[in-house]
Amino acid sequence: MNKREFKQWRSYQVAANILYRYCGGIIIEQQDDVLYDFRVTIKDSNQSFLVEIKGSTFAQSASYVDYINMVERSNLIQEHYRKPLVLMLVNESKETASFGFVVTWNRGKATIYRKVSFTQFNQRNANILIDKIHAMDDTIRVLSKYGLNVLKKIRVSTLDSNNAEHVAYVLYTRDITEKYKMKEKNVTDEREKMQRLIFGIPEREYPSDFIDELIQQGLQQNYPKISLQTSVLFSTYDVNELQNYREHYYHSANVVVAPDLTQLSDESKNIFNGVTLIVIPIELYFELPEDRFFFRDLVIQTHIEPQEWIEKYYEIQKSLATKHSIRDYFN
Amino acid sequence: MANTNSIGDYGETVFKARLTKFEDFIVFFLGDKAPIEDFMCEILDEQTPYQFLVQVKSTTSGYQASGNLDIGVDDDKLLKLQNRPLPTYLAGVDTNTERVYICPAFRMNGRYPSIPVSHKLDLNDELATKATLALLKQDIIHFWQTSNILNHKSNFVSAL
């Protein structure tokens, strides 16, 4: 076995190690197929997915295009191909990997991605991978610990010169944690019970923190008419619904939070020299393609009291790690 | 909670990844057809392509008060492993930390109610890993060279 063959062989061992480490109850079968190297079966659901193992620089090579072309030419209707196909790029020496979907399935129809979107293989992303695979079949399943998130949907609107309304939605997810969780249910009477049946859980019972308030505050300063709707991503059905936003136009923006220095003396202002502003990335999704031209602010500024800034700065930075893009759920 | 098979499969991939980290060895999984040893391994060196056998035991139970890995080897299986003429070793895998501990299985009637942790392979401890692999390689080469096997082989008269 020469050095190159050894490294390739070892990549398979590292890939298997990473899959077992992060995906838990799975069975890996090595296969000799042109499109994939492993067939991985999730024990709980008996669903399988296919994995092709390549080196970490594969996506930048000419062979990547050849591989995608080969996938496109293949007869994916064959039984052994009718499964999601994941491309796993392995850094054999560092024993790390990234992955992305090449083929996904929805209601019996395959989608092939010429430009695979890669994400780092870690516990959270592996759990979401499994949730996405579960969402590809018709059985509704409860999401994994990392998939079970709070979904915030903020409707933002603006009027054009003809007073016509244009709408965007700011969507993001938040991890459910010890501090960020559902508040205690407060059902006082039968009327309240009936209202819950019709309208669902009241907004006040969903978790909310300073990050959510800052986003709403920032949006409201630019677009006065906003409304918030919170829900919980609970099952693969919810993931399927969220994945519909993949077809929408969107653009990324930032809510930039700075301390309000207007009331401070010059000496006091100096304390804030060189501070790093709090930047909260958001995404705006548009129902209609033309709506995107009416939401051009890519930087949404907002301010908070200097005292609050000092007290909450590190807490906010820490909480930002629990805020995620809905694109994590896209394939 | 992972079942025994999952832990075993996971431990085997950890063992393969750790043992081959610095291209000293290649491993061949023997599977269910070889119930006593899990892997046949070989030194990746044309001058000394010596082989050895390894039985892998994986656990999520952590460590005993003595510091040893909390997994034992069945006495009967161990005896059969020690009976193999090739150098034989045990590899204990702590799947919580992905650490592998190597110990010899040479002495007949030796017992391993738990796995000692003196010689480890650890992704996060390159020095210790290199030291263990160097010692293992040295051990195997020494075993084969002191057995004078090549001389015996070249003088052996086959009946075929």
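The values are calculated or read from the model by the stated rules, or taken from the named source; none is laboratory data. Please read these numbers as outputs of a predicted model, since none were measured by experiment. In this analysis, Cβ positions are derived from the backbone assuming ideal geometry, glycine residues included, and neighbour counts consider all displayed protein chains.
Points worth noting:
- None of A:PHE58, A:PHE121 is closer than 16 Å to A:TYR22 by Cα and touching a helix residue (DSSP H, G or I) at 6+ places or on another chain (Cβ under 7 Å) except A:PHE121.
- Being assigned to a helix (DSSP H, G or I) and within 22 Å of the chain's Cα centre (by Cα) holds for only one residue in A:VAL239, A:VAL232, A:VAL255, A:VAL279, and it is A:VAL239.
- Residues located in the stretch A:1-11, provided they are within 9 Å of chain B (Cβ to nearest Cβ) and crowded, with 19+ Cβ neighbours inside 10 Å: A:ARG10
- Among the strands (runs of 3 or more DSSP E) confined to the stretch B:4-105, the ones with at least 3 residues that are touching a residue at least 12 places away in the same chain (Cβ under 8 Å) and over 20 Å from B:PRO116 (Cα atoms) are located at B:25-29, B:39-43.
- Scanning the stretch A:186-200 for residues that are part of a loop (DSSP other than H, G, I, E, B) and either of a type in the set (A, V, I, L, M) or touching a helix residue (DSSP H, G or I) at 6+ places or on another chain (Cβ under 7 Å) (or both) yields a total of 1.
- Test for A:LEU233: is it touching a strand residue (DSSP E or B) at 6+ places or on another chain (Cβ under 9 Å), in contact (Cβ under 8 Å) with a residue 24 or more places away in the chain and farther than 21 Å from A:HIS134 by Cβ: no
- Filter result for A:GLU315 (modelled with pLDDT of 85 or more and in a helix (DSSP H, G or I)): yes
- Selection within the stretch B:108-155 - touching a residue at least 60 places away in the same chain (Cβ under 8 Å) and among the aromatic types (Phe, Trp, Tyr): B:PHE143, B:TRP144
- Residue check for A:TYR36: farther than 23 Å from A:TRP105 by Cβ, modelled with pLDDT of 95 or more and either touching a His at 6+ places or on another chain (Cβ under 7 Å) or of a type in the set (Phe, Trp, Tyr) (or both): no
- Selection count where residues are surrounded by 15 or more Cβ atoms within 10 Å (Cβ to Cβ) and more than 15 Å from A:GLY24 (Cβ to Cβ), scope the stretch A:119-136: 4
- Residue check, A:ASN91 within 14 Å of another protein chain (Cβ to nearest Cβ), surrounded by fewer than 16 Cβ atoms within 10 Å (Cβ to Cβ) and at negative phi: yes
- When residues of the stretch A:12-49 are limited to those that are surrounded by 16 or more Cβ atoms within 10 Å (Cβ to Cβ), more than 12 Å from chain B (Cβ to nearest Cβ) and not aromatic (Phe, Trp, Tyr), the one farthest from A:ILE128 (Cα to Cα): A:LEU35
- Scanning the stretch A:77-99 for residues that are within 19 Å of the chain's Cα centre (by Cα) and β-branched (Val, Ile, Thr) yields one hit, A:VAL86.
- Exactly one residue out of A:PHE6, A:PHE49 is aromatic (Phe, Trp, Tyr) and in contact with a Lys or Arg (Cβ under 7 Å, 6 or more places away or on another chain): that is A:PHE49.
- For the stretch A:11-62, residues that are of a type in the set (Gly, Ala, Ser) and at positive phi total 1.
- Tally of residues being surrounded by fewer than 15 Cβ atoms within 10 Å (Cβ to Cβ) and either touching a His at 6+ places or on another chain (Cβ under 7 Å) or among the aliphatic types (A, V, I, L, M) (or both) across the stretch A:105-118: 0
- Within the stretch A:244-290, the only residue that satisfies the criterion of being modelled with pLDDT under 90, surrounded by 18 or more Cβ atoms within 10 Å (Cβ to Cβ) and either more than 29 Å from A:GLN317 (Cβ to Cβ) or out of contact with any strand residue (DSSP E or B) (no Cβ under 6 Å at 6 or more places or on another chain) (or both) is A:PRO259.
- Within the stretch B:1-42, being of a type in the set (D, E, K, R) and either more than 14 Å from A:VAL14 (Cβ to Cβ) or more than 10 Å from chain A (Cβ to nearest Cβ) (or both) holds for B:ASP9, B:ASP24, B:ASP32, B:LYS33, B:GLU37, B:ASP38, B:GLU42.
- Single residue of B:THR48, B:THR59 found to be farther than 27 Å from B:ARG111 by Cα, polar (S, T, N, Q) and away from every other protein chain (no Cβ under 11 Å): B:THR48
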